[in-house]
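All remarks here apply to the structure that follows.
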Amino acid sequence: MPLLALPAVFMRGGTSRAIMFHRGDLPPQPQWDPIFLAAMGSPDPNGRQLNGMGGGTSSLSKICILSRSDRPDADIDYTFAQVQIREASVEYRGNCGNMSSAVGPFSVDEGLVRPNGDTAVVRIFNTNTKKIIRSTFALREGKAETDGDLAIPGVAGTGSPIRLDFLNPGGAATGRLLPTGNVTDRLDVPGVGTIEVSLVDAAKPCVIIRAADIGLTGTELPDHLDTRHDILAKLDAIRQTACVAMGLAADAKEAATMRGTPAIGFIAPPMDAPTLSGAPVTASEVDLTARFISNGQPHRALPVTSSLCMSVAACITGTIVNQALTKPPGGSIRLGMPSGILTVGAEVERTANGDWIAHSGAFYRTARRLFDGRVYAPT
């Protein structure tokens, strides 16, 4: 079978990696899925993606498609695709915060945006969520700076900081910050029973529960969770029921096909916890202990859009996140997670009539171009 050769760049963004394409180098969108699946090496019943560029985890099985924007409020249009590993499925329902950090540097280095001076501000329109992200980062000789002293938990070494501001992140998928109108809901989940959840949609729709409510401490590491098939099945059952409650799926059958949306996480109050590097997190260093499941797999850090959603939820009185805090969030929250500590900020307001509005969410990441050339996929 002849191979299709497509120009591409391979980049790390935060704790993820993705193949970056110019939209103009791809065929029309209805033809994307088989190309992306072949490029990543999916579907793979072994879960390793050895026949492609994927790395066998959801964080390493991603695609970004970019082009200049015609919108007056944006410089770049950015579409994110999550390629499933074992299934022949590509999802476009949500965004990836980690890979969003690579969009600005890619756009400058590829000549899609030509800023002046020593700092770039790139306005990114994410087509998945219909939201604007502002990316701010340093330049050197007209290219994105990579050297710097910002360390990100889960990534070896340091890099130049990239600030991402998600503007008006509420209702990214459902159209409402609180899709049910409630700060907490009690869901009747088949095979699980009744469980209290907070359903929040900021940057990405999330289902947040207490770790104790499913028999966990909240400090479990991904490798341990991978062996707890009972817990993973329970979490996915909760996620599917929440998917219907949030209006993202018509019924449980449709919800079962939506692996990445909504995301589900469980939290606990600040506590001492192990990390993947062996360096422990102490309770005094964090405001919350958190773990997330990403496309059916325990995330080895935290999905950044989900972390932003939790930061917004922390500011909303009465949510499960807000209840777990031992002190007011004060505009940012320190999340203890499997790779260390992630700090995320949010600006949230309650109006005179009692409605909650998320004005913005922000965090810092690093990104780096790893190589460029051509990706080959069967035609």
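The values are calculated or read from the model by the stated rules, or taken from the named source; none is laboratory data. What you see is a predicted model; the values in this text were computed from it and never measured. Cβ sites come from the backbone with ideal geometry, for glycine too, and all protein chains shown count toward neighbours. Only protein heavy atoms, including side chains, enter the accessible area calculation; ligands, DNA and RNA are left aside. Shrake-Rupley method; radii C 1.70, N 1.55, O 1.52, S 1.80 Å.
Assorted remarks:
- Scalar couplings 3J(HN,Hα) for region 120-129, obtained by applying the Karplus form with A = 6.51, B = -1.76, C = 1.60 to θ = phi - 60°, are 10, 10, 10, 8, 10, 9, 7, 5, 5, 9 Hz; x denotes Gly and Pro.
- From the coordinates shown, percent of Cα pairs over 36 Å apart corresponds to which of (1) 31; (2) 26; (3) 18: (3)
- The alpha carbons of region 179-266 stretch over 32, 27, 26 Å along the principal axes, in descending order.
- Accessible area, probe 1.4 Å, largest first, for residues His224, His229, His22: His229, His224, His22
- Over the chain, accessible surface divided per residue gives 40 Å², non-protein components excluded, 1.4 Å probe.
- Share of carbon and sulfur in the accessible heavy-atom surface of region 131-271 [1.4 Å probe, %]: 49 percent
- GNM result for the chain, Cα springs below 10 Å: residue of Pro338, Pro190, Pro329 fluctuating most strongly: Pro190
- On Cα atoms only, tilt of 97-109 relative to the major axis of the chain in degrees: 20 degrees
- Our note on the geometry: Cα centres of region 58-130 and region 246-294, 24 Å apart.
- Packing here is the average count of other Cβ atoms within 10 Å per residue, and on that basis the peptides 290-301, 362-373, highest first, run 290-301, 362-373.
- Only lysine pairs 8 or more places apart, or on different chains, with alpha-carbon atoms under 18 angstrom apart are counted in the chain, and they number 4.
- Between helix 304-314 and the chain: long-axis angle, C-alpha atoms, 0 to 90°, nearest 10: 30 degrees
- Exposure rank, largest accessible area first [Cys315, Cys206; 1.4 Å]: Cys315, Cys206
- Taking each residue as 0.36 nm, the span from His229 to Glu285 lengthens on full extension beyond its C-alpha to C-alpha distance by 17.1 nm.
- For the residues Lys234, Lys130, Lys143, a 1.4 Å probe over the protein chains yields an accessible-area ranking, largest first, of Lys130, Lys143, Lys234.
- Gaussian network model of the chain, springs between alpha carbon atoms under 10 Å - residue of Arg176, Arg134, Arg71 with greatest fluctuation: Arg71
- The chain: angle of helix 229-245 to the longest principal axis, Cα-based, in degrees nearest 10: 90 degrees
- Cα gyration tensor shape for region 67-156, rounded if a/c is under 1.5, else prolate or oblate: oblate
- For Val200, distant residues with modelled amide H under 5 Å away: Cys206, Ile208
- Gyration tensor verdict on region 221-379 (Cα atoms; rounded if a/c is under 1.5, prolate if a/b is larger than b/c, oblate otherwise): rounded
- For the chain, adding -39500 (n - 2.57) for each run of n ≥ 4 DSSP H residues and dividing by the number of residues yields -5000 deg cm²/dmol at 222 nm.
- Among Asn126, Asn95, Asn46, residue whose mean-square fluctuation peaks in a GNM of the chain (springs only between Cα atoms under 10 Å): Asn46
- Cysteine residues of the chain whose Cβ has no partner cysteine Cβ closer than 4.7 Å: Cys64, Cys96, Cys243, Cys315.
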